[in-house]
Each structure stands twice: as structure tokens, then as C-alpha cells.
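What follows draws every value from the coordinates through simple rules; no lab data is involved. Keep in mind it's a predicted model, so treat the numbers as computed, not measured. Backbone-built Cβ (ideal geometry, glycine too); neighbour counts: all protein chains shown.
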Amino acid sequence: MSALNFAIVGAGGITLQNHLPGLALCSEVRVRAVCDANPATLEQARSSTGAPVASGDWREVVGRDDVDAVIIATPNFLHPEIAVTAARAGKHVLCEKPLALNAADARRMAEEADRAGVRHMTAFTYQFVPAMRYLRHLVARGDLGRPYHYRSCRLQDWGTRNLGWRQQRKWAGTGELGDMLSHRIDFAHQLVGPMRRLVANVMNLTPVRGGAPNDTDDWVAILAEFESGASGVLESSKLASGRNESWRSLDSVEINGSEASFEFTTGRWNELMAGKVGGPGMARLEVPREFWVWPGSPRDPGVGDPLVSFRYDQAIEFVNAIREQRPCAVTFHDGARAQAVMDLAVRSAETGRWVELSEA
């Protein structure tokens with residue numbers, strides 16, 4: 001097995017929490033170069049990884065002959081240029097979501113990566129939650145029947161603290177819409193299929209965060225109709241006081257169909273709630289052990305916090321796709337589809353009207 005050399009562009013919290021632990025579980029994988037614009041963050045990444053190359057210039061690390069793959073975890077506005085440059089240089093690319101500030105740039109990223117023949121992956125991390133994987137399996141198997149309704153609710157209490165670049169539209173594109181609802185849009189695509197039309201609203205209730213201007217959304221809601229005929233209701237907020245954050249806060253998805261209903265909650269990583277049509281109500285459904293880790297992952301589900309460690313399977317899937325010369329389970333095309341919905345949600349909120357996905 002030949003070694004794979006990685007470059008990490010953007011070495012902040014997401015990289016340390018999600019990407020590096022996953023890479024560490026992969027044999028014959030090395031972090032060759034790290035890059036960050038913040039000198040202190042860069043030094044921490046260099047020290048944490050032991051990478052022999054540390055630079056503030058992403059072009060320097062992406063263009064290196066001794067780099068095979070690139071993980072991009074920078075502010076969102078930088079994603080397209082870095083990803084396209086990396087793909088043209090023959091590097092495989094894993095990029096954080098949202099892929100870009102608009103669907104046109106996200107599609108360009110996918111097209112350039114396809115043209116270059118490299119593996120490409122959107123970091124929709126929650127696809128790797130065991131309960132989500134099992135729910136997708138049950139729906140694909142037909143247990144749901146005809147889909148009627150999809151609904152998701154993501155409520156966190158972020159207060160009014162400063163979010164850095166994430167509260168600047170020119171760098172982030174959107175706030176809660178891109179931060180959190182993008183994952184649930186992807187869930188909808190995975191479970192129900194593409195949307196046909198939608199109407200949406202967004203709110204900025206904290207124009208100042210931590211003493212600095214904020215021009216991004218704190219709350220977003222989408223009402224959707226799917227091509228299958230199903231309905232969709234998606235809501236996400238940073239300002240649900242008292243709800244806490246991360247897995248401690250509310251993060252649920254429910255799907256109702258002609259034969260059954262299922263509910264997935266991130267905080268219950270190894271179980272679903274399920275009910276049959278005409279039955280007495282929803283009851284606990286345990287996720288089989290074969291779904292506790294991603295296929296091909298060496299991760300021991302009994303080691304570490306299972307509400308965090310499932311995220312490591314994302315990097316493992318990326319590495320395995322490279323080695324097996326196959327598409328990643330989650331590609332840039334998935335990210336571009338979600339970005340098209342996000343673009344139309346913003347347009348709907350601005351115009352106050354329903355918009356068709358054909359307009360994206």
C-alpha cells in the first residue's frame with residue numbers, strides 16, 4: 001500500500017476535531033503540509049501533526065509535488081479557487097460545506113474535479129452518524145413506503161458571541177443556512193430526493209455579535225415540495241435560548257410515509273424511533289451493530305465519545321475512495337445540489353415568493 005500525503009488548508013477547530021483524528025486512523029497516511037493565515041493556528045497545527053511543511057500560502061502547499069490530497073477548511077469564499085486549483089494539479093479534494101457562496105461556483109468545483117479525474121468529497125459529516133445511515137437503509141429498502149412528509153429541526157443556543165468570519169456575508173455567504181441547515185437539506189435529498197419548489201424566510205436578530213457587525217442569518221425556515229410529491233419543513237436557529245449546543249441541543253429529523261414513520265436524533269447515535277401505519281405509536285428501534293461504523297473503517301465504536309467519533313469515518317471514506325479509485329460516498333455534486341437549494345432559499349426570502357428549483 002503506497003503512502004498518501006495530505007495537505008490541510010485551514011487548520012482551525014473543525015480540522016482538529018474532525019479531519020485529523022480520522023486521518024490518524026488510516027494506515028500509510030501522512031499530513032505533509034499545513035496551511036493557515038493565522039500564525040498561532042498554523043503553529044498549533046504544525047505541532048499537532050508533525051507536518052514538515054507549514055505555510056500561510058495555500059498555493060504553495062496545494063501545488064507541491066509531494067502532496068496527493070487536500071482538505072479545505074477555510075472560510076467559505078475561498079473554497080472554489082482552492083478546490084479548482086487543487087483538482088487541476090491532480091490532487092484529490094475534501095472540502096467543508098457549504099462548498100461555495102453560490103451554486104454556480106459549487107457546480108464548477110464538481111465539474112473541474114470530474115474533468116481532472118480526482119476524487120472529491122463534500123464534508124456532510126452527519127451522513128456518517130450510525131442512526132442516519134440506518135434510516136437511509138430502511139427508506140431505500142422500502143420500509144417507509146411512499147414518502148409523505150420530511151421535517152427537520154436544529155435548535156442551538158449560540159447567544160450573541162462573536163463568530164469571526166462566519167458572521168460576515170462576504171466571507172461566509174449565509175449564516176445558519178450554510179452552517180447547519182445545509183446538512184439537513186442534504187438529509188432531505190438522501191431520504192426523499194430532489195425538491196421541486198420552496199418558500200423560505202431568514203432572520204438576523206443579532207446585528208451585532210461580540211461587539212462586531214453581523215449581517216448573516218441567525219434563523220432560517222424552508223417549506224418545500226419534493227418531486228416525489230412529499231412535503232418538507234426545515235427549521236434551524238442559533239438563538240434557541242437554553243437549548244445548549246452541539247449534540248446536547250435539539251437536532252431531529254422525522255420522515256412519514258404510507259407504511260411507517262421514522263425519527264432520527266443526532267444525540268441518540270445508535271437508535272431510531274419508528275412506528276407502523278395504524279400502530280400504537282412510535283417506539284425505540286435499535287441500530288444494528290453493522291451500521292455502527294462506516295464500511296471499511298477500522299474505528300472501534302467502543303473507543304471515545306460515539307457522538308464525536310463517527311465524524312472520523314468521513315476522512316476514512318475519503319482515503320478509501322482514493323485508494324479504491326471510486327467516487328466518494330458524498331461528492332461535490334451533493335454539495336452543489338444543497339447549494340442550489342440554499343441560493344433559492346435566499347432568493348425566496350428576499351422576494352417573498354415561492355421559487356422553482358428549475359430557477360437555480
**Considering only the chain, percent of DSSP beta bridges that pair antiparallel, nearest 5** = 60 percent
**Asked** If you place +1 on the Cβ of every Lys and Arg, -1 on the Cβ of every Asp and Glu, and leave all else neutral, what size is the dipole of the range 70-191 about its Cα centre, to the nearest 20 Debye?
**Response** 160 debye
**Request:** Taking the Cα centre of the range 4-125 as origin, work out the dipole magnitude from +1 charges on Lys and Arg Cβ and -1 charges on Asp and Glu Cβ, in debye rounded to 20.
**Result:** 160 debye
**Item:** Read-out Cα extents along the principal axes in Å, derived from the coordinates shown; its label in [x] 64, 45, 38; [y] 60, 49, 33; [z] 61, 46, 41
**Value:** [z]
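Would you work out if the range 116-168 is rounded, prolate or oblate? Take a ≥ b ≥ c from the square roots of the eigenvalues of the alpha-carbon gyration tensor; rounded if a/c is under 1.5, else prolate when a/b is larger than b/c, oblate otherwise.
The shape class here is oblate.
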**Item:** Amide H within-cut-off set for Val34, under 5 Å, with H built and near neighbours excluded
**Value:** Ile8, Val53, Ala54, Ser55
**Request:** Could you list which residues have their amide H under 5 Å from that of Leu4, counting only those 5 or more apart in sequence or on another chain, with H placed in the peptide plane?
**Result:** Val29, Arg30
**Asked** Just Glu225, Glu286, Glu235 to compare: in a GNM of the chain, with alpha carbon springs under 10 Å, which one fluctuates most?
**Response** Glu286
**Request:** Find, among the trypsin sites (Lys or Arg not before Pro) in the range 127-195, those assigned to loop by DSSP (not H, G, I, E, B) with at most 14 other beta-carbon atoms within 10 angstrom.
**Result:** Arg161
**Item:** In order through the range 55-70: 3J(HN,Hα) via Karplus (6.51 cos²θ - 1.76 cosθ + 1.60), integer Hz, x for Gly, Pro
**Value:** 8, x, 10, 5, 5, 5, 7, 5, x, 5, 5, 8, 10, 9, 8, 10
**Item:** Per-residue HN-Hα couplings for the range 278-295 [Karplus 6.51, -1.76, 1.60; θ = phi - 60°; Hz; x = Gly/Pro]
**Value:** x, x, x, x, 7, 9, 5, 10, 6, 7, x, 4, 5, 9, 6, 10, 5, x
**Fill in**
Simple SL model, points at 7 angstrom along Cα→Cβ for Ser48 and Ser231; separation in nm is 4.4 nm
**Item:** Loop sites in the range 18-80: GluC sites (Glu not before Pro), DSSP, at most 15 other Cβ within 10 Å
**Value:** Glu28
**Message:** Show me the ranking of peptides 249-258, 346-355, 311-320, 88-97 by mean Cβ neighbours inside 10 Å, starting with the highest.
**Reply:** 311-320, 88-97, 249-258, 346-355
**Request:** Scan around Leu239 for amide H atoms under 5 Å from its own, H built in the peptide plane at 1.01 Å from N, and keep only partners 5 or more places away or cross-chain.
**Result:** Gln156, Trp158
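Within a Cβ distance under 14 Å of Asn201, other residues only, what is the Lys/Arg minus Asp/Glu net charge?
-3
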**Prompt:** Can you list the HN-Hα couplings for the range 304-310, worked out from phi with the Karplus curve (6.51, -1.76, 1.60; θ = phi - 60°), rounded to whole Hz and with x for Gly and Pro?
**Reply:** x, 7, x, 7, 10, 5, 4
**Item:** lysines with Cα under 30 Å of Lys170, excluding same-chain neighbours fewer than 8 positions away
**Value:** Lys91, Lys97, Lys238
**Asked** Among Leu101, Leu23, Leu163, which one shows the biggest mean-square fluctuation in a GNM of the chain, springs joining Cα atoms closer than 10 Å?
**Response** Leu163
**Complete:** Checked against the positive end of the charge dipole of the chain (+1 on Cβ of Lys and Arg, -1 on Cβ of Asp and Glu, about the Cα centre), the farthest of Ile316, Pro288, Leu23 is Pro288
**Prompt:** Looking at the square roots a ≥ b ≥ c of the eigenvalues of the Cα gyration tensor of the range 4-125, which shape do they give, rounded for a/c under 1.5, prolate if a/b is larger than b/c, or oblate?
**Reply:** prolate
**Asked** lysines within cross-link reach of Lys276: Cα-Cα under 23 Å, excluding same-chain residues under 8 positions apart?
**Response** none
